[in-house]
Amino acid sequence: MTLVLIRAAALIVTAAAAGTFPRAQESRPLPSQETLFKAVQDNLIRAERIDYQYAFRERRTDIHTNVFGKLGTGGYTVSDVYPSATATLTYRRTIERNGVALSAKELAEQDSAYRKHASEVLQRLAAEEPDAKRRGEAEGERAAQRGQRRIADVINALQFKVQGRAVHEGVSAIVVTFTPNPRAMPETRQGRIAQKFGGTAWIDEAAMEVMRLEAKAIDDISFGYGLIARLGAGTVATATRRRIDGDLWLPTQLTIKGRGRAAVFRPLVIDFKADWFDYRKLEGNSLTPFTDARVEGEPGSRPQ
């Protein structure tokens, strides 16, 4: 549930942002809605196609939905995240829990478990494509296509309207509101979640990039057909994106606050926050950038 909701909220950011800020006093005409949305969508698709090529550090609230334990949010973890074009090979290496650094033994146990898992997955992939380079390229292209499909699905699930120009953090921004598109039939989980939200987006006019979002659920959001968890209407998500490398923008913060039910009948309270920072470009097309040559079977190095 957690990762799907985070990914969906981050993707909604690709189409939105909000708050109450003074309007810029300008007489310049606004760009046409078609021109604006085409430029923003192209930028979002580009970012979604290559975001797995950047490792980063993540600080996030823990979410507990175990029906026999705590339900809701509490505590936090800090992790180094090494994405992979093959989603199951993405490695979240937890380095800190509630302000306490993990021991060398705990880190080694995580690394050992990941290497074992990665080796098994790579063996399966190698059976389909023995050449490691072609395998990496193929997985990368599939990841890019999935990212593009998610963006298109989220955008199609919403309706947009340009409201005007404003100033946000000292730059000229275009304010766009969005509501669910009742005629859309989303094909991805992210698109189905996005269709539950309405809100406002702020777009950096010079960069044509979404800067910040505030969205509010107008309907319940179900996970596992409501048997795992259900967040109620009124759930609020806010998010920001920033320039992180050249002209590439990626999400830097997400908050989600709401109430609902877990396992049909147990109360669930979510007060979630995630910060993503220290982005760094990964070299090459390794499916397991954290590991060394012992897993991949060819030269490689761990990003520092």
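Rule-based calculations on the coordinates, nothing more; no lab input. Not measured: the values here are computed from a predicted model. Virtual Cβ from ideal backbone geometry, glycine too; neighbours counted across all protein chains shown.
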Suppose every Lys and Arg Cβ carries +1 and every Asp and Glu Cβ carries -1, with no other charges. What dipole size does region 69-121 come out with about its Cα centre, to the nearest 20 debye? 120 debye
Suppose R0 equals 45 Å. What FRET efficiency, 1/(1 + (r/R0)^6) with r the Cβ-Cβ distance, do Ser103 and Gln163 give to the nearest 0.05? 0.30
Point-to-point label distance, Ala138-Asp245, nm (Cα→Cβ direction, 7 Å offset): 2.5 nm
Which of Trp202, Leu282, Asn181 sits farthest toward the positive end of the charge dipole of region 170-289, with +1 on the Cβ of Lys and Arg and -1 on the Cβ of Asp and Glu? Asn181
Rounded to the nearest 0.05, FRET efficiency between Ala127 and Arg92 (Cβ-Cβ, R0 30 Å) equals 0.70
Fewest-first ordering of Trp276, Trp202 by Cβ atoms within 10 Å yields Trp276, Trp202
Between Arg183 and Lys257, what is the label-point separation in nm under the 7 Å Cα-to-beta-carbon projection? 3.6 nm
Once the dipole of region 24-167 is set up with Lys and Arg at +1 and Asp and Glu at -1 on Cβ about the Cα centre, which of Ala118, Tyr52, Pro130 lies farthest towards its positive end? Tyr52
I'd like to compare 168-174, 277-283, 236-242: which one has the highest average count of other Cβ atoms within 10 Å, and what's the full order after that? 236-242, 168-174, 277-283
Please compute the length gained on full extension between Leu30 and Val236, using 0.36 nm multiplied by the number of residues separating them and subtracting their Cα-Cα distance. 71.3 nm
Protection proxy ranking of 124-137, 243-256 - average other beta-carbon atoms within 10 Å, highest first: 243-256, 124-137
Please name whichever of Leu107, Thr86, His64 sits farthest to the positive end of the charge dipole of region 58-139, dipole taken about the Cα centre and charges placed at Cβ: Lys and Arg +1, Asp and Glu -1. His64
Contour minus Cα-Cα span, Ser112 to Arg146, at 0.36 nm per residue, comes to 9.3 nm
In terms of modelled amide H atoms, which long-range or inter-chain residues lie less than 5 Å from the amide H of Thr252? Thr240, Arg241, Arg242
